[in-house]
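Let me begin by presenting the structure, written as structure tokens, before commenting on it.
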Amino acid sequence: MNKLPRSAYVHIPFCHRRCFYCDFAVIPLGNKIDSLYGYGSKTVKEYLTFLNKEILSIKHKSSLSTIYIGGGTPSILNPLQIKDLINLFKDNYGIDYGAEITMEVDPASFNEDDLHGFINAGINRFSLGAQSFNNKILDQAGRRHYRDDITQSCFWLKKAYDYSLIKSWSIDLIQNLPSSGFKEWQEDLEQTLKLSPPHISIYDLNIENGTVFKKLVDLGRLSLPNDNESFKNSELTNFILKSSGYSRYEISNYALPGHQSRHNRVYWKGIGWWSFGQGSTSSPWGEKFTRPRISKEYKKWVTNQWKIKLEPSLVNEENIYKELDEKIMIGMRLKEGVNIYKLVNEQNWDGKTSKINLEKLFKQWETFLESGLLIKRGNRIFLSDPKGMDLSNQILVSMFRWWEKVN
Ligand code: SF4
């Protein structure tokens, strides 16, 4: 049997309402939700029942070294519900000593008492979805919180960290939101640094189908930074964060020494992970499997797992491997890149074919290597920082072209 996954992602799909850029598998429950006793609690409890069933359905369980509770808005749950969830893993999988247990929190839906409740439940790392500190930009993005909610949340998180109640915490920002020009973005970065989070995730805005932003783009009513402005924003991010001691250990993630997210590295390293909950994607043995995004379908799927035994990708650890292009794509997100020779040697190509195909890949990447966007050092190949990381799409597209030709 291959090694069992040591990491688990848990999806809590509830949100108060859907933000204008978001296409995640979420269930908007409105502002009045009280997940334990009041409005929306029936929906939440029913979901948790199915989620628990799914967690228990895995046959070969192994103790976990990272757990990530994401969403949605997990902080909509009561600390007691989070505690039950963690205890479920503790009792059935085991949780390693020193495991990293992260939870996403939303500045508009938690307070200091909740924070301590979540810490008592076992959470030791928090990720705060700030997105921006500019109230106008937050409003335009459909967020429910304002700048003061973020600073207040950060104050609580920092205090908990300073008292060693948690191991780390992170702020999420979105780069290139509407109305976020150079000046606004600089203010966002400077404000973030004032709050001294040990970890910062910076995601580029993507316009996804079915979102309010997509409709506004189609109507020509959304003012987004152009390519040149986006590039300048990226350069600024790199300059400001690096000169403040943060290392860009992955395309979208910056950390002070000792604060890289262990859970996220599991995804990027291509090591297997479990995943539970509506719309979530697991990859226990290499092949990815995504659960239904719609509640009704997800519940039906969980029920079937019990009746007909598990979905093959969850149990069949034999003969499943990631395609080489996917391994390269995922590995290249990391600062250290990939050992390209090792990856190619893992293919079922004979020595001569491996050599020819590798030469073709280097030919495909020639201009990127010459211009310094890609760096080759020994057997490793990685994106330069910041230029290569910022233009990673072009480099990956050329690699996919190579893969289509040689495969
Ligand atoms: S809070 Fe997060 S998950 Fe929920 S709608 Fe907004 S962006 Fe999506």
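Taken together, the values in this text are just the output of simple stated rules run on the coordinates, not laboratory data. Since the structure is predicted, the reported quantities are computational estimates derived from the model, not experimental observations. For neighbour counting, all protein chains shown are included, and Cβ atoms are generated from backbone atoms with ideal geometry for every residue, glycine included.
Quick notes on this one:
- At q = 0.25 Å⁻¹, base-10 log of I(q)/I(0) for the stretch 324-406 (Debye sum, equal scatterers on each alpha carbon): -1.39
- Isolated cysteines in the chain, defined as those with no second cysteine Cβ under 4.7 Å, comprise C15, C154.
- Axial C-alpha extent at least 15 Å, average Kyte-Doolittle at least -1.0 - helices from the chain (DSSP): 41-56, 79-92, 147-162, 227-243, 351-364, 392-406
- Residue order, fewest to most surrounding Cβ atoms within 10 angstrom, among I251, I328: I251, I328
- Protection proxy ranking, highest mean first, for peptides 170-177, 348-355, 299-306: 170-177, 299-306, 348-355, where packing is the per-residue count of other beta-carbon atoms within 10 Å, averaged.
- Its residues counted as N, the chain yields a C-alpha radius of gyration over 2.2 N^0.38 Å of 1.01.
- As an equivalent ellipsoid, the stretch 134-216 spans semi-axes of 26, 13, 12 angstrom, where each value is the square root of five times an eigenvalue of the C-alpha gyration tensor, largest first.
- On the principal axes of its alpha-carbon atoms, the stretch 170-210 has extents of 35, 22, 10 Å, going from largest to smallest.
- At R0 = 41 Å, FRET efficiency that the Cβ-Cβ distance of H60 and W349 yields, to 0.05: 0.85
- Using distinct alpha-carbon pairs, which all enter the 1/r mean, Kirkwood radius of the stretch 103-260 in Å: 16.3
- Compared with the direct C-alpha span, the chain from Y97 to S247 gains 51.3 nm at full extension, assuming 0.36 nm per residue.
- Sorting 215-224, 149-158 by average packing, meaning the other beta carbons within 10 Å per residue, from highest down gives 149-158, 215-224.
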